[in-house]
Each structure stands twice: as structure tokens, then as C-alpha cells.
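Here the structure comes first, spelled out in C-alpha cells, and everything after it is commentary.
We did not get these values from a lab; they are worked out from the coordinates using the rules stated. Note that the structure is a prediction, hence the values are computed from the model and not measured. Positions of Cβ are backbone-derived with ideal geometry, glycine not excepted, and every protein chain shown enters the neighbour counts.
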Amino acid sequence: MAYQLKVIQPQGTFDGRNGRKVCEEMVKIMGSGVKTILIDFQYITFMDSSGFGTLLLTLKTVRQQQGRLVLCSINEQIKMILDLSDTTQAFEVFPNQASFMQEVTQHQT
């Protein structure tokens, strides 16, 4: 069985509005049977507290559906938010998509 993964790449500011869009998209994706979602923050320039709140809600939703939420390419500002809120361990974080894909490939063999 092929590994089912969906990559979401939001852009700009990750605020409450953009975060809700990602959460809604993620719910649709999980409804189609995909259990692993990678949010690539490469094109996010800033995350505010509302965006952080929706990210936590997204994590909770994924876990309730026995899914896996992974983050990659987070910038220093987002890393600082995760550190200051003591939620770094709650998320799986990879430096970039390639490092995550390498981990997935290693676990399939």
C-alpha cells in the first residue's frame, strides 16, 4: 500500500484566516483517507497568535482522526513561538520537505 501524504504550502502571513483555510483543507484531505499531512512553511513570512491557535486546533483535529501532522521549513519567528509556548515537542518538525521524505522512505523499507 502506498504511503498517503498531502503537502499543504500556505503563503504570506499565517494568521487566523489563513490558518482556518489550512485547517478546513486538512479536514477535507483527511476525509479522503489521507492520514499524514505536511504543512510546509517555506512561504510563510509571519505567524500571529491567531494563526498559532489554529495550528494547535489543526493538530488536535488530526490527532482525533489518528492522523499525523508534520511541519517543515519553519522560520525563526515560528520556531520562537513554539519554544516560548512550550509546544515544540507537540509537533513533528523537519528542516524541509526533502528531510521528511527521506524519513518516510527509510521507514517504508
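Before moving on, here are some points about what is shown:
- Phi-derived couplings, Karplus 6.51 cos²θ - 1.76 cosθ + 1.60 at θ = phi - 60°, listed residue by residue for the stretch 34-51: 6, 10, 10, 10, 10, 9, 9, 8, 3, 9, 8, 9, 7, 10, 9, 5, 5, x Hz, with x used for Gly and Pro.
- Helical mean residue ellipticity (222 nm; -39500 (n - 2.57) per DSSP H run of 4+; nearest 500) of the chain: -15500 deg cm²/dmol
- Computed extension length for residue 20-residue 48: 8.8 nm, one decimal, from 0.36 nm per residue of separation with the Cα-Cα distance subtracted.
- Taking a point 7 Å from the Cα of residue 32 along the Cα-to-Cβ direction, the residues of the stretch 8-22 with backbone N closer than 14 Å to it are 8-9.
- Listed candidates (i) 93; (ii) 246; (iii) 118 - label of the one calculated as volume of the Cα convex hull per residue in Å³: (i)
- Given +1 at the Cβ of Lys and Arg, -1 at the Cβ of Asp and Glu and no other charges, the dipole of the chain around its Cα centre is 440 debye to the nearest 20.
- Where chymotrypsin sites (Phe, Trp or Tyr not before Pro) fall in DSSP loop in the stretch 36-109, at most 14 other Cβ within 10 Å: 43
- Local electrostatic count, residue 32, Cβ distance below 13 Å [Lys/Arg +1, Asp/Glu -1]: +2
- Taking amide H atoms as placed 1.01 Å from N in the peptide plane, the amide H of residue 47 lies under 5 Å from those of 14, each 5 or more residues away in sequence or on another chain.
- Simple spin-label estimate for residue 4 and residue 56 gives 2.9 nm between the two label positions (7 Å along the Cα-to-Cβ direction from each Cα).
- J(HN,Hα) series, the stretch 92-100, from Karplus relation 6.51 cos²θ - 1.76 cosθ + 1.60, nearest Hz, glycine and proline x: 8, 10, 10, x, 7, 4, 4, 5, 5
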